[in-house]
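Q: The following block contains the structure, expressed as structure tokens.
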Amino acid sequence: NQLNEDFEFYLNSITETANEYLSEKFKESIQISFEYEKCTYNLLTNGARNRKTIAPEIYLTATLLDSNLDENSSKLDRVHTFLNEAKLSSIALAIRMAILKDKFVTESPKILILDDLLLSLDMGNREAVLNIVLDEYCKDYQIIFLTHDKIFFQTVLSYIKTYHANELRSTGELNKNLLDEHFRDHWKVYELYESSLPDSKKVPVIMEHQSHLQKALHYFNNSDSIDYNACGNNLRAALEEFFRDFIPKKFLRDGNNNPIDKNSLTLNPLIERCILFFQNVGFDTKHLDRVNRYRERALNQTSHYNPHSNYFKKELQETFEILNLLKTYRKDKMVKADEILKFSVNSNSGKSYSFNFKPLDDILLYLESNSSAVSFYCNDDKRTYGFVDFTDTSGTQPFNLVTNNKTLLEFYTETIDELEKNIKEPCVRETDIYEIIRTLEGKSLNELKTY
């Protein structure tokens, strides 16, 4: 009886936590509950004891949180036949995390091993789990990620790098190389392969993971293993990695404005898109032009150069220098997509009007790699904006203007044009939009500049 009481209490305690994870972390419109069929010991049946311990049965039920469904329709007794694998994995992970939270003991050693656990989840839920692991478990658990999937390996590694780079960036650190390598203070990364001995016996080989740039430097500098072809191929891959991360999303679209999978782009189209980005922002493209020249001669995977020629070596050396230079360019989010901003407008008669809106793409601050360069917002950056609310001296009124693919100045101008039509009088138009557009805390875009 005591076991049954404790078990039911335990199930209730983890149910509440699991449902919190489902709604708050996984953003699933699902709640779960357990039904507990009690265990029995030496039960009296037909006047005799059965001398058996019958284990309990635990039934999982899910409820869809949908106002369009009635109580019977929203209840799922056969969860595994109705929900897809991603939702089932979300439920399983939420339960597992609720158990971890319940079992937590400060004094005991704690190891958390995630063995290809996230492969069945979509990207949104993968990020939710990675957020939970890094935010809630890193400080108390030794965490081990295992996967056989190379793409997922790169996804997790990229996420870990970004997480720890942001952690260091919050302290004021701006050096990109330090930001990129900060994760190594917290993680070891290994690759495991199968190799064969001379007698054909299979043996495992474990090696520390190296980036393409580290491999390129190894093949360029290490006197025992100089291989300029291998260096060039890895340097090419290092440049592709840089461009995929550096080029803004809006320059990674096809002719129909559909997003392109950046991982499908090779070096040539990546350089072309980065040139368009530089031209849009106003950066000098000379370094990109040089990379493009070296691309065919020194970085082409099918290059038939003499791998020991000094000319080949010189171009590889200069490509390393260009990559290091490109890493010093800055494009930082000063305002994230969907963050609410505000500005006020005064009419000629003295009435005041306030607008709250949100950009649907990031507002970036740029800095060119130049000792005399000054940080700036790009006047030609275009995005979509949506209004949150509009207030005048008589109270709050709806303002349904949505502006697509406009610069910040165009958005500001069109807003005032629309306002003037409604109020039938001219308004004062400010010239420095980066001074009048502010966060909800009152900081102007100019004040947000960190460098």
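The values are calculated or read from the model by the stated rules, or taken from the named source; none is laboratory data. Since this is a predicted model, take the numbers as computed values, not measurements. Note that each Cβ is placed from the backbone with ideal geometry, even for glycine, and that neighbours are counted across all protein chains shown. Keep in mind that these areas ignore ligands, DNA and RNA; they rest on the heavy atoms of the full protein, side chains included. Shrake-Rupley method; radii C 1.70, N 1.55, O 1.52, S 1.80 Å.
Q: Take the residues of the range 55-80 that are polar (S, T, N, Q) and open to solvent by less than 90 Å² (accessible area, probe 1.4 Å): which is nearest to Phe9 (Cα to Cα)?
A: Thr61
Q: Out of Asp70, Asp102, Asp66, Asp115, report the one residue that is within 14 Å of Ile30 (Cβ to Cβ), out of contact with any Asp or Glu (no Cβ under 8 Å at 6 or more places or on another chain) and of a type in the set (Asp, Glu).
A: Asp66
Q: Quick one: which of His218, His164 is over 21 Å from the mean Cα position of the chain (by Cα), surrounded by 10 or more Cβ atoms within 10 Å (Cβ to Cβ) and modelled with pLDDT of 90 or more?
A: Testing whether each residue is over 21 Å from the mean Cα position of the chain (by Cα), surrounded by 10 or more Cβ atoms within 10 Å (Cβ to Cβ) and modelled with pLDDT of 90 or more leaves just His218.
Q: For the range 42-141, which helices (runs of 4 or more DSSP H) that fit wholly inside it have 2 or more residues that are touching a strand residue (DSSP E or B) at 6+ places or on another chain (Cβ under 9 Å)?
A: 71-74, 79-82, 85-103
Q: On to the next question. State all residues of the range 415-449 that are part of a loop (DSSP other than H, G, I, E, B), among the β-branched types (Val, Ile, Thr) and under 18 Å from Glu339 (Cα atoms); if no residue qualifies, say none.
A: The answer is Ile437, and nothing else.
Q: Here's another thing I want to ask about it. Looking only at the range 221-238, which residues are over 14 Å from Leu299 (Cβ atoms) and either open to solvent by less than 30 Å² (accessible area, probe 1.4 Å) or hydrophobic (A, V, I, L, M, F, W, C) (or both)?
A: The one that is over 14 Å from Leu299 (Cβ atoms) and either open to solvent by less than 30 Å² (accessible area, probe 1.4 Å) or hydrophobic (A, V, I, L, M, F, W, C) (or both): Ile226.
Q: For Phe153, state whether it is surrounded by 13 or more Cβ atoms within 10 Å (Cβ to Cβ) and either aromatic (Phe, Trp, Tyr) or more than 17 Å from the chain's Cα centre (by Cα) (or both).
A: yes
Q: Of Ile113, Ile91, Ile99, Ile132, which residue is open to solvent by 70 Å² or more (accessible area, probe 1.4 Å) and aliphatic (A, V, I, L, M)?
A: Unique residue meeting the criteria: Ile113.
Q: Cβ contacts < 9 Å: first residue under 17 Å from Lys262 (Cβ atoms), restricted to the range 148-161; second residue part of a helix (DSSP H, G or I) and among the charged types (D, E, K, R), any location; separation 6+ or different chain. Result?
A: Cβ pairs passing all conditions: Phe152/Arg126; Thr155/Arg126; Ser158/Asp245; Tyr159/Arg126; Tyr159/Glu127; Lys161/Asp180; Lys161/Glu181.
Q: Looking only at the range 308-324, count every residue that is part of a loop (DSSP other than H, G, I, E, B) and open to solvent by less than 60 Å² (accessible area, probe 1.4 Å) and tell me the total.
A: 1
Q: Which of the residues belonging to the range 430-445 are within 18 Å of Leu409 (Cβ to Cβ) and surrounded by 11 or more Cβ atoms within 10 Å (Cβ to Cβ)?
A: Correct list: Glu430, Ile433, Tyr434, Glu435, Ile436, Ile437, Arg438, Ser444, Leu445.
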